[in-house]
Amino acid sequence: MIKKLFLVILLFPTLNLWSQNPDIDILKNINLNRDKHLDNTFRAFTNSAGPIAYGVPILLIGISLARKDSLTFQKSLYIGASVVSSAIVSNILKYAVNRPRPFVTYPFLEKVTSGGSPSFPSGHTADAFSIATSLSIAYPKWYIIIPAYGWAGAVAYSRMDLGVHYPSDVLAGAIIGAGSAYLCYKGQQWLAKKRKK
């Protein structure tokens with residue numbers, strides 16, 4: 001047992017370097033080889049994450065109240081709960097992991113937009129995938145699903161293109177966002193069944 005523990009302790013720095021290298025290699029390739037003419041476009045995608053993620057459920061609540069539509073109201077509450085729960089999880093993880101931003105660790109990267117809080121996971125990506133997944137579950141039509149995930153994917157890519165997140169940050173953000181939406185959906189189904197009983 002002690003030999004195995006000693007081996008793990010010896011190999012840990014090597015394993016850590018191996019896991020970090022693909023992350024920085026992919027980010028370096030995306031960030032340093034980007035088309036700089038598209039910086040403003042990717043900034044727009046990045047800056048749209050919060051307003052869309054929080055604005056859509058608020059808009060749907062307003063529409064549902066104006067039309068006295070209880071189904072849309074329920075869907076808007078589900079979508080809002082998905083986004084809020086995703087934000088809570090990603091913020092707790094950010095400060096628990098406390099990973100420095102890539103441009104701090106690797107000064108050769110070009111930081112093209114703001115990024116102040118810890119890096120892991122990407123909150124913008126979590127917001128985007130939470131709203132995309134919850135909208136797709138609430139309104140399962142191709143003309144909702146394709147644009148929603150296309151936009152979420154562009155937000156995720158923009159975080160790497162602009163030099164403020166590692167690919168692993170973005171992947172974790174997408175998993176948290178989509179996972180929160182799915183779990184909120186399952187929670188809503190469970191509550192509906194309990195109410196019927």
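Residue count for the range 148-197, restricted to those that are of a type in the set (D, E, K, R), under 24 Å from ILE92 (Cβ atoms) and in contact (Cβ under 8 Å) with a residue 12 or more places away in the chain: 2.
PRO140 falls short on exactly one of the conditions (1) closer than 26 Å to THR72 by Cβ; (2) assigned to a helix (DSSP H, G or I); (3) not basic (Lys, Arg), and that condition is (2).
Across the range 142-197, the qualifying residues are those that are of a type in the set (Val, Ile, Thr) and surrounded by 20 or more Cβ atoms within 10 Å (Cβ to Cβ), and the one among them that is nearest to THR46 (Cα to Cα) is VAL155.
Let's see how each residue does on (1) surrounded by fewer than 18 Cβ atoms within 10 Å (Cβ to Cβ); (2) among the β-branched types (Val, Ile, Thr):
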residue: PRO51; (1), (2): yes, no
residue: VAL56; (1), (2): no, yes
residue: ARG67; (1), (2): yes, no
residue: SER70; (1), (2): yes, no
residue: TYR78; (1), (2): no, no
residue: VAL84; (1), (2): yes, yes
residue: ALA96; (1), (2): yes, no
residue: VAL104; (1), (2): yes, yes
residue: PRO107; (1), (2): yes, no
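Please tell me if ALA128 is crowded, with 24+ Cβ neighbours inside 10 Å and not basic (Lys, Arg). So ALA128 fits the description; yes. Inclusion of VAL104 among residues that are at pLDDT 95 or above and either more than 11 Å from the chain's Cα centre (by Cα) or within 19 Å of THR46 (Cα to Cα) (or both) is not warranted. The residue pairs whose first member lies in the range 44-61 and is over 18 Å from GLY153 (Cβ atoms), whose second member is crowded, with 18+ Cβ neighbours inside 10 Å and not β-branched (Val, Ile, Thr), and whose beta carbons are closer than 6 Å, counting only pairs six or more residues apart or on different chains, are PRO57/SER76; PRO57/GLY80; LEU60/SER76; ILE61/SER76. Over 14 Å from the mean Cα position of the chain (by Cα) and not in a helix (DSSP H, G or I): is that true of GLY187 in this structure? So GLY187 does not fit the description; no. Looking only at residues in the range 1-39 that are closer than 22 Å to VAL170 by Cβ and loosely packed, with under 10 Cβ neighbours inside 10 Å, the one that is modelled with the lowest pLDDT is LEU17. In this structure, does TYR95 turn out to be of a type in the set (Phe, Trp, Tyr), in contact with a helix residue (DSSP H, G or I) (Cβ under 9 Å, 6 or more places away or on another chain) and in contact (Cβ under 8 Å) with a residue 12 or more places away in the chain? No.
The values are calculated or read from the model by the stated rules, or taken from the named source; none is laboratory data. The structure displayed is predicted, hence computed values, not measured ones. Using ideal geometry, Cβ is built from the backbone for each residue, glycine included, and neighbour counts are taken over all protein chains shown.
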